[in-house]
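The values are calculated or read from the model by the stated rules, or taken from the named source; none is laboratory data. Note that this is a predicted model, so its numbers are computed, not measured. No Cβ is skipped: glycine too gets one built from the backbone with ideal geometry, and neighbour counts run over all protein chains shown. Note: accessible area is taken over every heavy atom of the protein model, side chains too, but ligands, DNA and RNA are not part of it. Shrake-Rupley method; radii C 1.70, N 1.55, O 1.52, S 1.80 Å.
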Amino acid sequence: MIYADNAATTRLSGTALNAMLPYLREAYGNPSSLYSLGQQAAEALAAARQTVADCLHCRPEEIYFTSGGSEADNQAILSAARRGKARGKTHIISTSFEHHAVLHTLQKLEKEGFTVTLLDVHETGRVTPQQVAEAITDDTCLVTIMYANNEIGTIQPIADIGRLCRERNVLFHTDAVQAVGAVPIDCHALPVDMLSLSAHKFNGPKGVGALYIRRGVMPLNFLDGGAQERGKRAGTENIPAIMGMAAALEEACAAMDEHSAKLTVLRERLIHGLDQIPYSELNGDHKHRLPGNVNFCFEGIEGESLLLLLDDKGICASSGSACTSGSLDPSHVLLAIGRPHEVAHGSLRLSLGEDMTEADIDEIILAVTDVVNYLRNISPFWRDLVNGKRPHIFER
């Protein structure tokens, strides 16, 4: 089997597993308890917070542990919205291809009277600082723009957008779930106020994440009931998962340069190979993208059939976000970059891992080429394209 869906989730690393095990059986105390077993867990919690902070180049008191990226996004956006509303500011700026954890939260706020501006991301899948500058008004309380897109992997000019927001005194949040562990992130060098991450995207466990909140920005009490996370998120901390996340992030950051260089070479080999398939196109900017992300559209096929046939050949891939892959609707990300419905349905996301080889890439290229040709040969829609009854969207 070749696993090429690392944007959906990654395999738990041995380092992360070993960091978790003692806190499942031996050091299982509640960190809020005063006896030694509880304090042992409390010390581990503090050490993990310091490790995550060191990896993100921030203070440990600026790290809040969550159940994952979706919760972190919700807490960041709702906190900024409540703070803005208290000051009479109810306008939020985002993009049209954010993760649904952001978009659905913004839709909820719209029902509460907030105004939301979703910026176009163009065919490259990138937004410009000028767009943000033109959208900001005196009523703007938050700009939330993802660091790297979860489907097409395009990386946004976060530093430039953050500086602009800082100049205009507007809070800036970035969903960095796909970026953390893949590209260098320095929260104090970056002009960001809040940043979301999730452990299972960098070989940590599922169900745990974190939210960086710059000192001086007061978060909303997201869960009530206890004094955990400095009173901002009630609930007994998941110490084993937090320890696994800290270990996985430390490991990912230490090997980042090596893995990034390897994945970039493999990515380019894969893009070149898939680009040989007629009437296919890479989605998103070629240069400004995550090292291991490749996303293609193929005319004349359905993405669901493509995935099932690739699975028969032992290749695990995706047609987009794992959160929506069960939907028959075309990807909102691909529609946002201007792909027509009939092409957006024929998309394929391949997200590479550091254990992959050039032989794996060549096997993927061969399998995708065979499956695309097979599906086109049995497709009436493709027959119409070949016979000139329908116009091609892509060049050969």
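Please specify each residue of the range 338-366 satisfying the condition of being touching a Lys or Arg at 6+ places or on another chain (Cβ under 7 Å), assigned to a helix (DSSP H, G or I) and open to solvent by 10 Å² or more (accessible area, probe 1.4 Å). Residue satisfying the conditions is Glu358 alone. Checked across the range 50-57, the condition of being in contact with a strand residue (DSSP E or B) (Cβ under 9 Å, 6 or more places away or on another chain) and within 30 Å of Val116 (Cβ to Cβ) holds for at least one residue. Leu34: crowded, with 17+ Cβ neighbours inside 10 Å and either among the aliphatic types (A, V, I, L, M) or part of a helix (DSSP H, G or I) (or both), yes or no? Judged against the criteria, Leu34 is not a match. For the condition open to solvent by 20 Å² or more (accessible area, probe 1.4 Å) and without any contact (Cβ under 8 Å) to a residue 40 or more places away in the chain, Thr137 does not qualify. Scanning the range 131-174 for residues that are within 12 Å of Asp193 (Cβ to Cβ) and among the hydroxyl-bearing types (Ser, Thr, Tyr) yields Thr144, Thr174. So in the range 287-307, with the set limited to residues that are under 16 Å from Glu395 (Cβ atoms) and in a loop (DSSP other than H, G, I, E, B), which one is nearest to the chain's Cα centre (by Cα)? Across the range 287-307, the extreme among qualifying residues is Glu299.
Residue pairs whose Cβ atoms lie under 7 Å apart, separated by 6 or more positions or on different chains, with the first residue in the range 49-72 and within 11 Å of Leu197 (Cβ to Cβ) and the second open to solvent by less than 30 Å² (accessible area, probe 1.4 Å) and among the polar types (S, T, N, Q), are Thr66/Gln75; Gly68/Ser198; Gly69/Ser196; Gly69/Ser198; Ala72/Thr66; Ala72/Ser196. Scanning the range 101-146 for residues that are over 18 Å from Asp175 (Cα atoms) and either within 20 Å of the chain's Cα centre (by Cα) or part of a strand (DSSP E or B) (or both) turns up Thr115, His122, Glu123, Thr124, Thr140.
Is it the case that Leu164 is within 23 Å of Lys89 (Cα to Cα), part of a loop (DSSP other than H, G, I, E, B) and not charged (D, E, K, R)? No.
Residues of the range 167-199 that are in a helix (DSSP H, G or I) and closer than 22 Å to His91 by Cα: Glu167 alone. A count restricted to the range 150-169 and to residues that are out of contact with any strand residue (DSSP E or B) (no Cβ under 8 Å at 6 or more places or on another chain) and within 18 Å of His332 (Cβ to Cβ) stands at 1. Scanning the range 223-254 for residues that are open to solvent by 50 Å² or more (accessible area, probe 1.4 Å) and closer than 30 Å to Asp5 by Cβ turns up Asn238, Glu250, Glu251, Ala254. Only a single item in (1) buried (at least 21 other Cβ atoms within 10 Å of the Cβ); (2) out of contact with any Cys (no Cβ under 8 Å at 6 or more places or on another chain); (3) not polar (S, T, N, Q) is not met by Lys287, and it is number (1). Checked against the criteria, Lys313 counts as surrounded by 15 or more Cβ atoms within 10 Å (Cβ to Cβ) and either more than 23 Å from the chain's Cα centre (by Cα) or among the charged types (D, E, K, R) (or both).
Residues are listed down the side, and each one gets a yes or a no for (1) touching a Lys or Arg at 6+ places or on another chain (Cβ under 7 Å); (2) over 22 Å from Ala81 (Cβ atoms); (3) crowded, with 24+ Cβ neighbours inside 10 Å:
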{"residue": "Ala148", "(1), (2), (3)": "no, yes, yes"}
{"residue": "Gly162", "(1), (2), (3)": "no, no, no"}
{"residue": "Cys165", "(1), (2), (3)": "no, no, yes"}
{"residue": "Gly181", "(1), (2), (3)": "yes, yes, yes"}
{"residue": "Ala210", "(1), (2), (3)": "no, no, yes"}
